[in-house]
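Worksheet: one structure, shown below.
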Amino acid sequence: MARIGNARTIADIEYVIEPPSLGSDVTAWLAHGVSCSRDRHRFCGQAYSFSLEILELRCAAQPRQRWHVVIVSERWQFRDAKAEPRGSKSLRVIQGKAADVLSWMRRCRERKLASKTGNLTLLTGDFNSASPHDPEPEGFDTLATHHRVRYLADDLQTADRSVLAHLDAAGWIDLGHALDPAKTPTVPTAGFVGTEFATMRCDYLLASRALAARAVSYQVIRTSATDMASDHYPVVASFEVPQ
């Protein structure tokens, strides 16, 4: 069995297949040509309790591209422990090629993301990825190895741009690229220079095409307060949206 499941891959697959809510009685459904099923097991004892969820995906479209994937989610709670419940997820390819699973997931993810660009939608966050529209992050080649590896592209030399490139291809508009000619970096802040970041845009406001057309401003807020409040600068945009 091949194991390809990092947290991002699992989250992307779950986003694509949209499992029914936890309160639903649905245990089997079809998502983008793939048969999905979910099985749950629970145990509650005097000392501890746990739940186990097994999510299976089977693709049988073509003989050479058939695959079977299992995502296992565990959650443990110990009654005498003060700590929060502990959980984990893992993904394994039972049959087929990991490359076929990832290719299917990326196609479906991009189609789903593209389908939302006609709405007034904003996608935001720290994407830990450089933009394909930006130059190589300043100081990237001198980062400590254990920090640099988080941002490496497949060539193991330059900063990864694939995350933002996929979102760009799906139709999302990078407001920083569209409205800020200076491409103002969001990391690191003045109070955290020399830590885990190269100088780059790491935080993005991505708008659907419909919302981007209504954007009137974009700003990375760099003040004495934000220099020390976090290792990331906050980003703000404003829009003219009819009531």
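Based on alpha-carbon atoms, the Kirkwood radius and the radius of gyration of region 186-240 give Rg/Rh equal to 1.07.
Calculate the translational D of the chain in whole µm² s⁻¹ from Stokes-Einstein, where the hydrodynamic radius comes from the Kirkwood formula applied to all Cα pairs, the temperature is 10 °C and the viscosity 1.306 mPa s. Walk me through the intermediate numbers first.
Working: Rh = 20.8 Å.
In µm²/s, the coefficient rounds to 76.
Farthest toward the positive end of the dipole of the chain, out of V241, T121, H32, is the Cα of H32, where the dipole comes from beta carbon charges about the Cα centre.
Translational diffusion of region 1-113 was estimated from the Stokes-Einstein equation, with Rh taken as the Kirkwood radius over Cα pairs; at 37 °C and 0.692 mPa s the coefficient is 215 µm²/s.
Amide H to amide H distances under 5 Å link Y48 with R79, where only residues 5 or more positions off or on other chains count and H is placed in the peptide plane. From most to least packed by mean Cβ count within 10 Å, the peptides 67-73, 170-176 give 170-176, 67-73. Here's the picture: a label point sits 7 Å out from the Cα of A144 along the beta-carbon direction, and within region 174-194 the residues with their amide nitrogen under 14 Å of it are 193-194. Across region 173-190, rounded Karplus estimates of 3J(HN,Hα) from the backbone phi angles (6.51 cos²θ - 1.76 cosθ + 1.60, θ = phi - 60°) give 9, 7, 5, x, 5, 6, 10, 10, x, 6, 6, 4, x, 10, 9, x, 6, 4 Hz, Gly and Pro being marked x. The alpha carbon radius of gyration of region 116-239, expressed as a multiple of 2.2 N^0.38 Å, is 1.06. Counting every other Cβ atom within 10 Å of each residue's Cβ, Y204, Y15 order from fewest to most as Y15, Y204.
Defining a contact as two alpha carbons under 8 Å apart and six or more residues distant in sequence, what relative contact order in percent does region 1-100 show? All intermediate terms of the calculation are to be shown ahead of the outcome.
Values: 179 pairs, mean separation 27.5, N = 100.
Relative contact order for region 1-100 comes out at 28 percent.
Modelled spin-label separation between N6 and D155, with each label point placed 7 Å from Cα along the Cα-to-Cβ direction: 1.9 nm. Exposure proxy ranking for R86, R109, based on other Cβ atoms within 10 angstrom of each Cβ and starting from the fewest, stands as R86, R109. In the chain, the DSSP-assigned H stretches of four residues or longer account for a calculated mean residue ellipticity at 222 nm of -6000 deg cm²/dmol, using -39500 (n - 2.57) per stretch and the full residue count as denominator. Among S90, S131, the order by Cβ neighbours within 10 angstrom, fewest to most, reads S90, S131. Basic side chains Lys and Arg get +1 at the Cβ, acidic Asp and Glu get -1 at the Cβ, and with that the dipole of region 116-239 about its Cα centre reaches some 500 debye.
About its Cα centre, region 7-108 has a charge dipole of approximately 300 debye under the convention of +1 per Lys or Arg Cβ and -1 per Asp or Glu Cβ, with nothing else charged.
Please state the shape class of region 77-130: rounded when a/c is under 1.5, otherwise prolate if a/b exceeds b/c and oblate if not, all from the C-alpha gyration tensor. Verdict is oblate for region 77-130.
What is the chain's relative contact order, in percent, from Cα pairs under 8 angstrom and six or more apart in sequence? Provide the component values of the computation, followed by the final result.
Numbers: 434 pairs, mean separation 36.6, N = 243.
This gives 15 percent for the chain.
Only the coordinates and a few stated rules stand behind these numbers; no lab work does. Bear in mind the structure is a predicted one, so any value in this text is a computation, not a measurement. When we count neighbours, we look across all protein chains shown, and the Cβ atoms used for this are built from the backbone with ideal geometry, even at glycine.
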